[in-house]
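Written out below as structure tokens is the structure these notes cover.
What follows is calculated from the coordinates using simple rules that are stated; it is not laboratory data. What you are looking at is a predicted structure, and each value in this text was computed from that prediction instead of being measured.
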Amino acid sequence: MNQAETSYATVLLNMPHVTEAVPDAETAFQTCPQLVDALSNPTIPEAEKFTVIDRVFPESLRTFLKVVCRNGQIRSILDIFSEYHALERRQRDCAHAVLEYVTPLTEAQLAAMKKMICAKTGKPQVQLDQKQNPALLGGFILHIGDETYDRSMRTTVRNLQKSLIRR
């Protein structure tokens, strides 16, 4: 993250009533890349961009998004949101992990996974983002910060192939 993204994320973190609005705005920008293109296009008048912001986003985020747009930083909005989430987790003393899986884990498995993540990170709670990935064939891949725990069938099969080729 650059300093500007961190600064915008800090401002966003200190704004009232944005906790519920940020994920929806993030989804809007992720699913509609044309939105970023339009809001960053120098040939579109600022008033038109602001009209789009007023129509698409909740009131709690409009002023913030207009400032980001006016300052020419709207292309970084997903990075700003990402940094916002990181700052928010740090404020709550919460670890973050991403779990890729083929079949969803049971509640007991999820609880055990979260307990293990808390033990590894030393944090009292964890935000576990889950993503289904059928390409893994089975098992899971867990990303905690820079560490990756790959217990997928895909990797097991690849390792077996490599060991057979070496013989």
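Structure data summary
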read-out: Placed amide H near V102: partners under 5 Å, 5+ positions off or other chain; value: N133, G139
read-out: Candidate lysines - alpha carbon under 16 Å from K49, same-chain residues fewer than 8 apart omitted; value: K66
read-out: Cα-Cα pairs of segment 94-166 separated by more than 22 Å (percent); value: 27 percent
read-out: Size-normalised alpha-carbon gyration radius of the chain, reference 2.2 N^0.38 Å; value: 1.31
read-out: The chain - share of DSSP beta bridges that are antiparallel (%, nearest 5); value: 60 percent
read-out: Interchain or long-range residues, amide H under 5 Å from A95's placed H; value: Q125, V126, Q127
read-out: Extension gain from A111 to V157, taking 0.36 nm per residue of separation minus the Cα-Cα distance; value: 13.8 nm
read-out: Q130 long-range amide H proximity, modeled H, under 5 Å; value: L99
read-out: Computed [θ] at 222 nm, helices only, for the chain once each DSSP H run of length n ≥ 4 contributes -39500 (n - 2.57); value: -18500 deg cm²/dmol
read-out: Cross-link reach list, lysines versus K123, counting only Cα pairs under 19 Å and skipping chain neighbours closer than eight places; value: K114, K115
